[in-house]
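Some notes on the structure that comes next.
The values are calculated or read from the model by the stated rules, or taken from the named source; none is laboratory data. Owing to the predicted nature of the structure, the values given are computational and were not obtained by experimental measurement. Cβ atoms come from the backbone with ideal geometry, glycine included; neighbour counts cover every protein chain shown.
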Amino acid sequence: MSKLSLYPVTLDGDDVDTKRQEIREYFHNTCNLYESVFEVLKDDDVFYKYSELTRHPMIFYFGHTATFFVNKLINMKVIKERINPNFESIFAVGVDEMSWDDMNTKNYAWPKVEDVREYRNKVKELVDNLIMSMSLTLPITQNSDMWIILMGIEHERIHIETSLVLHRQMPLEFVREVDAFKICEHSGASPKNEMLRIDAQHIELGKNKSHYLYGWDNEYGKYEESVSEFTVSKYLVSNGEFMDFVKDGAYEKEEYWDEEGLKFLEISGAKHPSFWVLQNGNYMYRTLTKLIEMPLNWPVDVNALEAEAFCRYKSKKDGVTYLLPSEAEYRAIYNYSGLRDVPEFHESRANLNFYHFASSCPVDEFGFNGIYDVVGNVWQWSRTPIFGFEGFEIHEAYDDFSIPTFDNKHALILGSSWASSGNLIMKHSRYAFRKHFYQNAGFRYVISDSHVKKGIDIYESDELVSQYCEFQYGDEFFGVKNFAIECAKVAAKFAQNTEKALDLGCATGRATFELAKTFDEVQGIDFSVRFVQVGSKLKDEGYVVFHTYEEGEIFTNKRLSIEELGYKSLKEKVSFWQGDACNMKSNFNSYDLVLATNLIDRLYNPRLFLDTIDERLNDDGVLILTSPYTWQESSTKKEFWLGGYRDSDANEVRTLDTLKEILNDKFELIHLQDLEFVIKETGRKFQHTISQISVWKKR
């Protein structure tokens with residue numbers, strides 16, 4: 001098993017060539033391990049099956065991690081050309097049961113497995129060449145192009161584990177044993193759990209940007225909490241310990257389940273953990289590829305709702321209050337155990353990184369100062385919803401990695417599992433899932449008086465999104481009218497037909513709703529989920545919340561309801577999606593009007609958008625472009641600018657002239673006008689900009 005596992009690469013070092021070789025080995029090891037995960041599927045037909053109805057079929061995940069490399073390298077302008085634009089569109093966005101997730105199977109024409117294998121090989125060759133040739137200085141920082149390579153590697157490491165969970169959920173007739181993934185072959189009676197005391201201590205979470213290991217955005221920053229003395233279970237809850245809960249019929253007793261838990265029971269019909277199988281009155285246990293006799297001393301695999309219900313059950317039974325640990329309490333447990341972070345901590349000391357098994361093992365096998373499985377075996381659900389630490393900043397290359405989960409619906413999992421590797425086994429790693437999701441996750445319990453910090457509203461944690469909320473939903477300044485509303489009025493004036501419209505680059509969604517006053521159906525698309533989720537929340541939950549900054553750290557909270565905005569009757573006409581204007585999925589088509597607001601000078605290659613937008617419009621369709629033409633290399637490499645420069649003959653190149661050159665064969669320019677807008681930065685600082693609107697009718 002150890003031949004497949006590998007420790008993560010440190011960011012520091014003395015020799016660039018040595019570091020390149022380390023990263024190259026780590027990259028190929030990751031790719032090989034990921035592809036070996038898909039050898040578990042019995043044949044290529046299984047790639048098109050769903051092991052979980054709220055997820056894509058397996059072919060998506062096989063292609064997804066490769067397209068992630070290309071899409072991020074394109075977006076960060078490390079490379080200029082795509083390998084396969086179709087693949088890099090359909091494999092781009094996974095699902096987390098968000099309203100903008102596209103689960104309509106009619107919108108996907110999945111390619112052949114052999115073609116995806118060939119594509120993966122091309123991506124490997126591309127990345128391998130980049131690793132060995134791109135500019136590199138040490139230590140590697142978040143501003144380095146090599147950081148994007150490491151991001152792609154760690155992203156694939158995440159999907160190694162999550163794909164194994166999906167394969168474990170696949171019916172047995174569709175999977176096969178693979179030599180690389182051998183399960184633990186010993187089990188026995190479950191040990192009696194007992195409580196250990198953890199002393200009160202001051203906890204500091206988070207790391208700084210000079211840390212020597214790669215990190216995701218939510219790991220950076222600072223959080224402090226004084227944790228009172230508490231007690232914690234010596235072992236993870238085993239299958240044997242959880243058996244009492246099942247045999248007492250607790251899955252059918254509402255008193256042990258909260259509202260979300262009852263909804264889970266209603267939808268799933270669960271009567272026992274997902275990886276238990278009842279056969280002839282006895283419970284069997286599903287490993288990755290086969291059923292075995294119930295290993296009573298292995299940790300139980302459950303979701304967070306089941307773990308919480310067990311704690312309520314045990315609390316009633318024992319007359320004390322049991323809880324899942326908080327994130328801060330887990331760090332106190334970690335400190336008590338004397339653990340060291342990788343690479344000082346060797347993988348042989350715990351059931352992780354595939355070092356020992358491709359399954360769980362007994363809960364009393366790997367101890368740390370008297371407490372077992374502080375890391376490894378299975379992840380441990382916490383009672384803490386994930387949030388951003390003080391100083392949290394998104395990384396430009398992956399701005400929606402964390403923020404969509406800051407919604408009080410995603411609980412942190414702690415400690416790693418047998419399938420965890422790379423960043424997932426680092427001390428500072430922070431991952432969170434919805435409470436009804438299954439991972440390689442179980443739990444331990446604590447007796448504690450500490451209260452958990454509740455996460456803040458999503459938009460309050462994001463200054464840029466708040467600024468756009470103020471721009472689109474806030475006050476008008478200096479007599480300048482609301483830009484989104486005025487753009488929608490222009491659209492209404494020039495639309496030839498009014499069945500379906502696209503608000504491309506919709507930001508926080510105001511124009512999407514405004515267009516719905518004219519059109520029967522409006523889709524809002526933005527590259528960033530950070531923005532998409534605003535309009536989506538306004539539609540689904542009926543309000544939008546944001547800060548408006550006044551001076552320094554002083555801000556005003558604003559909250560607007562869908563009723564106040566007058567959009568309640570329109571909400572069924574709008575939908576919001578994440579998408580790349582330069583490489584949209586083929587199902588985004590048949591529009592009577594496309595409104596691209598202040599977009600073209602922010603695209604990494606605007607010609608890719610303009611050259612094909614006519615294919616997405618109906619006959620007599622209308623394209624409306626607005627832009628202040630503020631070209632900048634941080635958004636668009638200069639070679640892709642449509643204007644704002646002098647050519648080789650020293651002639652001025654203006655954007656409108658280039659637009660005419662590109663669009664005139666397919667469109668007629670029917671209207672031009674200027675439209676100003678004001679963006680508030682603080683109470684005394686505003687951006688006053690003039691955008692040019694050009695209206696184009698399809699020929």
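Residues considered: I131, I140. Of these, the only one that is β-branched (V, I, T), within 21 Å of W216 (Cβ to Cβ), touching a Phe, Trp or Tyr at 6+ places or on another chain (Cβ under 9 Å) and in a loop (DSSP other than H, G, I, E, B) is I140. Just one of the numbered conditions (1) of a type in the set (D, E, K, R); (2) buried (at least 17 other Cβ atoms within 10 Å of the Cβ); (3) farther than 15 Å from S528 by Cα is not true of D580: (3). For the stretch 406-415, state whether one or more residues are under 19 Å from the mean Cα position of the chain (by Cα), within 18 Å of V342 (Cα to Cα) and buried (at least 20 other Cβ atoms within 10 Å of the Cβ). Looking for residues that are under 19 Å from the mean Cα position of the chain (by Cα), within 18 Å of V342 (Cα to Cα) and buried (at least 20 other Cβ atoms within 10 Å of the Cβ), one finds at least one in the stretch 406-415, hence yes. Counted as qualifying within the stretch 194-304 are the strands (runs of 3 or more DSSP E) with 1 or more residues that are surrounded by fewer than 15 Cβ atoms within 10 Å (Cβ to Cβ), namely 195-198, 201-205, 223-227, 276-279, 282-286, 291-293. For the stretch 154-172, the tally of residues that are touching a Leu at 6+ places or on another chain (Cβ under 8 Å) and buried (at least 16 other Cβ atoms within 10 Å of the Cβ) stands at 8. Note on the stretch 313-333: residues that are closer than 16 Å to F443 by Cβ, assigned to a helix (DSSP H, G or I) and in contact (Cβ under 8 Å) with a residue 40 or more places away in the chain amount to 6. Scanning the stretch 30-52 for residues that are farther than 20 Å from A109 by Cβ and part of a loop (DSSP other than H, G, I, E, B) returns K42, D43, S51, E52. Of everything listed in (1) of a type outside the set (K, R); (2) free of Cβ contacts under 8 Å to residues at least 24 places away in the same chain; (3) over 25 Å from F366 (Cβ atoms); (4) outside the structural domain of I394 (by TED's automatic domain parsing), the single unmet condition for N208 is (4). Considering only the stretch 261-282, state which residues are within 25 Å of K42 (Cα to Cα) and more than 27 Å from the chain's Cα centre (by Cα). Those that are within 25 Å of K42 (Cα to Cα) and more than 27 Å from the chain's Cα centre (by Cα): W276, V277, L278, Q279. Given the structure, is N369 touching a Phe, Trp or Tyr at 6+ places or on another chain (Cβ under 9 Å), of a type in the set (S, T, N, Q), free of Cβ contacts under 8 Å to residues at least 40 places away in the same chain and surrounded by fewer than 24 Cβ atoms within 10 Å (Cβ to Cβ)? Considered against the rule, which asks whether it is touching a Phe, Trp or Tyr at 6+ places or on another chain (Cβ under 9 Å), of a type in the set (S, T, N, Q), free of Cβ contacts under 8 Å to residues at least 40 places away in the same chain and surrounded by fewer than 24 Cβ atoms within 10 Å (Cβ to Cβ), N369 comes out as yes.
Residue pairs whose Cβ atoms lie under 9 Å apart, sitting 6 or more positions apart in sequence or on different chains, and linking a residue in the stretch 419-439 that is under 16 Å from H155 (Cβ atoms) and part of a loop (DSSP other than H, G, I, E, B) to a partner that is modelled with pLDDT under 95 and of a type in the set (D, E), are S421/E347; M426/D341. For the stretch 451-493, taking the residues that are closer than 20 Å to I403 by Cβ and aromatic (F, W, Y), the one that is modelled with the lowest pLDDT is identified as Y459. Within the stretch 608-623, how many residues are out of contact with any Cys (no Cβ under 9 Å at 6 or more places or on another chain) and assigned to a helix (DSSP H, G or I)? Of the residues in that region, 5 qualify.
Could you list, in sequence order, the residues of the stretch 548-563 that are within 14 Å of V465 (Cβ to Cβ) and of a type in the set (D, E, K, R)? Of everything in the stretch 548-563, just one residue is within 14 Å of V465 (Cβ to Cβ) and of a type in the set (D, E, K, R), namely K558. Within the stretch 475-520, the set of residues being among the hydroxyl-bearing types (S, T, Y), surrounded by fewer than 24 Cβ atoms within 10 Å (Cβ to Cβ) and in contact with a helix residue (DSSP H, G or I) (Cβ under 7 Å, 6 or more places away or on another chain) comprises just one member, T518. Among the residues making up the stretch 615-656, those that are surrounded by 12 or more Cβ atoms within 10 Å (Cβ to Cβ), more than 36 Å from the chain's Cα centre (by Cα) and of a type in the set (D, E, K, R) are D620, R654. The listed residues are L33, L53, L73, and the only one of them that is among the hydrophobic types (A, V, I, L, M, F, W, C) and touching a Leu at 6+ places or on another chain (Cβ under 7 Å) turns out to be L33. Summed over the stretch 173-193, the residues that are within 13 Å of F354 (Cα to Cα) and either of a type in the set (V, I, T) or surrounded by 17 or more Cβ atoms within 10 Å (Cβ to Cβ) (or both) give a count of 3. Screening N84, N75, N29 for residues that are surrounded by 20 or more Cβ atoms within 10 Å (Cβ to Cβ) and not assigned by TED's automatic domain parsing to the domain that holds A358 leaves exactly one candidate, N84.
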